[in-house]
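Below is the structure I would like to discuss, written out as structure tokens.
The values are calculated or read from the model by the stated rules, or taken from the named source; none is laboratory data. Only a predicted model underlies this, so the values are computations on that prediction, with no experimental measurement involved. With ideal geometry, Cβ positions are generated from the backbone for all residues, glycine too; neighbour counts draw on all protein chains shown.
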Amino acid sequence: MTKNYVNVYGAGLAGCEAAYQIAQSGVRVRLHEMKPVKYTPAHHSENYAELVCSNSLRSDSVTNAVGLLKEELRREGSLIMEAADATRVPAGSALAVDRRLFSEYVTQKIRENELIELVEGEATEIESDAVCVIATGPLTSDAMAEYISRELGCGSLHFFDAAAPIVDFSTVNMEIAYFASRYDKGDADYLNCPMTKEQYDAFYDALITAEEAELKEFDRSSQKKLKVFEGCMPVEVMAKRGYDTLRYGPLKPVGLKDPRTGEEAYAVVQLRKENAEGTMFNLVGFQTHLKFPEQKRVFRMIPGLENAEFLRYGVMHRNTYLDSPGLLAPTYAMRTRPNVFFAGQMTGVEGYVESAGSGFVAGINAANLVLGLAERMYPEETMLGAMAAYVSRGGVGSFVPMNANFGILKPLGYKVKGGKVAKYEKLAERSLALFGNPVTDETERDEQ
């Protein structure tokens, strides 16, 4: 390419990571972001890398797939991981952040970088003869989504996910709620609201009959074909799958003893810190698209939350993602237009860290294209490489968004004694041993 800069469209987690890595390579970046001129239904802050679903980046253990991905990104110099580690709040074995401080940290790093030029306002098309990274996210504007579909030939699909409500900690009844971690492992970072069978029955009946909000801003035809991603399922949808679904899911009482009785409750609602000060807590697993008055009525039936003040109600989002297999290469570049890269949830990776990971790989490769360097493709023994391979090839059946998981890693090729955790330890050990030596040729990668 003759132009010595890269256009990055979207300043979410993927876009910011891509822009930062491009600049770290010494290549100039033009970062296009429509905020604060225009906002999606889910975004409210002027800052970049805004977290809209949860403040948790999930497990921080390398024997957990997303934990392994975090460690890979740390070793590679990820901006998103730097920001997360700098703004973390207590959350047991998970990595949760103060979402305001996190976004501020990323925004400052982007704004102070002399190689990054900020372009505010909605982009409705790309500079097609320059190297570009499209990271406009799961809430891509209609105009840009139409351009991607029509001009770039990328047929897009839609699915829906939901964000959990946040309550004011000072309004929680601490005569009922208590702090504890499951099986008393780690610090007691979670706030627990125990339920008797009678309380659960009343709550369950109210939840499955509560009125859902209308998706006024979204296409009615898409609403009729509502497709919910399993990893971010509304609590009311989960409840309708069966009476015990919640009790074996987010309301699982196992390992949590009520200090008042010394016994496990019939069900337990957990809340997690939303900010470093501990003044706000979100309801874990309670993504929802119930009407706001219904959320207040039903969720106040949870013991300990009978007088809770809701600082933010849960909301429903329409998400857009590509049918990426065959469309994108393992570098996240389009196969038919190698100067156009995609990154973030619209590629079919799902989750904050996964989005950052795709932005990292896309950004490195976009910079390499400008610099005339070889592609960088990570081995499929690593989570970064396995995610890229899944996006570019897909799995069995129709393509669906995917979180980081050990199932997409290249198998060890031998059995490991000691069960699942021992196996995951070996997979993590193998992955981390490879860092610093990314594969630059697809043939080499296949032979390893």
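The conditions are (1) assigned to a helix (DSSP H, G or I); (2) out of contact with any strand residue (DSSP E or B) (no Cβ under 6 Å at 6 or more places or on another chain); (3) of a type in the set (Gly, Ala, Ser), and residue 366 fails exactly one of them. Which is it?
(2)
Just to be sure I understand the filter: pairs with C-beta atoms under 7 Å, separated by 6 or more residues or on different chains, first member in region 6-18 and under 10 Å from residue 123 (Cβ atoms), second member acidic (Asp, Glu) and part of a strand (DSSP E or B). Which pairs pass?
Between residues of region 6-18 that are under 10 Å from residue 123 (Cβ atoms) and residues that are acidic (Asp, Glu) and part of a strand (DSSP E or B), the close pairs are 10/33.
Just to verify a result, which residue in region 99-120, among those that are out of contact with any Phe, Trp or Tyr (no Cβ under 7 Å at 6 or more places or on another chain) and in a helix (DSSP H, G or I), is nearest to residue 281 (Cα to Cα)?
99
In region 124-139, which residues are at pLDDT 85 or above and either closer than 20 Å to residue 323 by Cβ or buried (at least 20 other Cβ atoms within 10 Å of the Cβ) (or both)?
Result: 126, 131, 132, 133, 134, 135, 136, 137.
Pairs, please: C-beta under 7 Å, at least 6 apart or cross-chain, first residue touching a residue at least 24 places away in the same chain (Cβ under 8 Å) and surrounded by fewer than 24 Cβ atoms within 10 Å (Cβ to Cβ) and in region 281-306, second of a type in the set (S, T, N, Q) and assigned to a helix (DSSP H, G or I)?
Cβ pairs passing all conditions: 303/199.
Considering only region 325-350, state which residues are assigned to a loop (DSSP other than H, G, I, E, B) and at pLDDT 90 or above.
If the condition is that a residue be assigned to a loop (DSSP other than H, G, I, E, B) and at pLDDT 90 or above, then 327, 329, 330, 331, 332, 335, 336, 337, 338, 339, 343, 344 are the ones that fit.
Exactly one condition in (1) farther than 25 Å from residue 148 by Cα; (2) part of a loop (DSSP other than H, G, I, E, B); (3) among the basic types (Lys, Arg) is not met by residue 38; state its number.
(1)
Please work out if residue 261 is assigned to a loop (DSSP other than H, G, I, E, B), closer than 21 Å to residue 163 by Cα and free of Cβ contacts under 8 Å to residues at least 24 places away in the same chain. So that I can check it myself, show each step before the final result.
Numbers: assigned to a loop (DSSP other than H, G, I, E, B): yes; closer than 21 Å to residue 163 by Cα: no; free of Cβ contacts under 8 Å to residues at least 24 places away in the same chain: yes.
No; evaluated as a whole, the condition is false for this residue.
Quick one: residue 71 ticks every box in (1) surrounded by fewer than 20 Cβ atoms within 10 Å (Cβ to Cβ); (2) within 27 Å of residue 280 (Cβ to Cβ) bar one, so which box is it?
For residue 71, the failing item is (2).
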